[in-house]
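Trainee: I have a structure I would like to understand better, so I am pasting it below and will then ask my questions one at a time.
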Amino acid sequence: MTDFEEARNYLNHVTGFAKKTSLSNVQWILDVLGNPEKDLFMIHVAGTNGKGSVCAFLDSILTGAGIRTGRFSSPHLIRMEERIQIGGREISEKRFSEVYAKVKNAVFQAVKEGADHPSFFEFLFFMSLVFFREEHAEVCIIETGMGGRHDATNVIMPRLSVISAVSLDHQEFLGNTLQLIAAEKAGIIKPGVPVICLRQKPEVLRVFQEEAAHKDSEFLTISKDNLIFSEKSSDYIDFLRKSAYDKKSECLKLGLLGDFQYENAALAAAAVRLLFPDLKRRTVFNGLSSAFLAGRMEEVSPNIFIDGGHNLQAAEAFCHTLEKYFPQRKLIVFAPSHKKEEEGILKLLTEVENLEGIIKVPVVNREIPENDFLKAYKTMIKKSEEGVLCFCIGSFYLAGKVKTFILNGGRK
């Protein structure tokens, strides 16, 4: 067994016994590791939908500017190494093994002293911070796992806090109202640290404004109206002055598909322009147009797309994207992640134009049962060969399984 296989097997084993721990426990282990978080320049990103896209835009812009980035994100589609990236590339198996060994030693030492064993997410978060410090990352983009206030990543002191769209999700953990969920996201706002968020519902904005005022933090709101396009000069983009959003202009081509991505792009662009005001507009433009994020309207094989959208707001954006960009016949494979929203999402999906059908597959213990998957997959392959566009939505578990199956030669 290689060192990498040992690391991967142990981390997979961790999911079976280690649960989320307290922030004090997270800090305890970071202290044993020598506090790598204190040596890093960080941007902290939270939100219900879009935070992964915002991180992808940030990474693409900064990397294009010649800045060495580190990015910690979740979930992964196929490999856990996807969660830890340097300069836009996944950590290598060799470096993964090396960093894993250092964190494991620190964890065992802390556990001997009375600490709780970290969860899978926390363990990988520790690994990312150690890796970023060793690799001399100049800017680290840290994405929260869930919520914000009690998220393991909230031990960091960033240079900027960024909050994307907020909607109902994970209500069993974060609360069943937008205000309660917003309060959890607002927990990443730190004293004196600027915060940028998307302009959204008034009750959500009030929570953010009050938290920012309490923390004496500069507070900025951004929307797609903060993108100024010039049809004559496509690099004329001003991200911090309000202007009318020209919906007819096609001069700004984003690397991520969907009109809703213009909001995420505006948020990321405003963040980098705030931190790096001398960054050229052309560099920002190029970064926005070349961004990539696995599992977001990603075509993994001819006529087969995967999307990790798993709540009502994401489903609404997905349907809007289909309406605008995909007039062809469509088949949807849907894996419901949340029972509470399943009915609402199905209603949206059934209203999609030129819909040939919806195949619903279950999610059981974070897996798509093999028989259900293979039956849906065979139908999808047959339809895709007939020219029907097939979309897999509702769960990253479904998206990852489809992509893995295709990469392993499942498509004949």
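The values are calculated or read from the model by the stated rules, or taken from the named source; none is laboratory data. Just so it is clear, the structure is predicted and the values come from calculations on it, not from any experiment. In this analysis, Cβ positions are derived from the backbone assuming ideal geometry, glycine residues included, and neighbour counts consider all displayed protein chains. To get the accessible areas, we keep the full protein, side chains included, count just its heavy atoms, and leave off ligands, DNA and RNA. Shrake-Rupley method; radii C 1.70, N 1.55, O 1.52, S 1.80 Å.
Trainee: Considering only residues that are under 18 Å from Ser53 (Cβ atoms), open to solvent by 10 Å² or more (accessible area, probe 1.4 Å) and part of a loop (DSSP other than H, G, I, E, B), which ones fall in the stretch 257-313?
Mentor: Scanning the stretch 257-313 gives Leu257, Asp259, Phe260, Phe292, Leu293, Ala294, Arg296, Met297, Gly309, His310.
Here is a yes/no grid of residues against (1) at pLDDT 85 or above; (2) open to solvent by 70 Å² or more (accessible area, probe 1.4 Å):
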{"site": "Lys339", "(1), (2)": "no, yes"}
{"site": "Leu346", "(1), (2)": "yes, no"}
{"site": "Thr350", "(1), (2)": "yes, yes"}
{"site": "Pro362", "(1), (2)": "yes, no"}
{"site": "Ile368", "(1), (2)": "yes, no"}
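Trainee: Also, I was wondering about something else. Please note which strands (runs of 3 or more DSSP E) are completely contained in the stretch 326-412 and include at least 2 residues that are among the aliphatic types (A, V, I, L, M) and farther than 15 Å from Asn311 by Cα.
Mentor: Passing ranges, in order: 330-334, 355-360.
Trainee: Further, regarding this structure: Limited to the stretch 117-157, what total is found for residues that are among the acidic types (Asp, Glu) and assigned to a helix (DSSP H, G or I)?
Mentor: 2
Trainee: Only one of (1) in contact (Cβ under 8 Å) with a residue 12 or more places away in the chain; (2) assigned to a helix (DSSP H, G or I) fails for Ala213. Which number is that?
Mentor: (1)
Trainee: Inside the stretch 194-205, can you point out the residues that are touching a residue at least 12 places away in the same chain (Cβ under 8 Å) and open to solvent by 10 Å² or more (accessible area, probe 1.4 Å)?
Mentor: Scanning the stretch 194-205 gives Pro194, Arg199, Gln200, Lys201, Glu203, Leu205.
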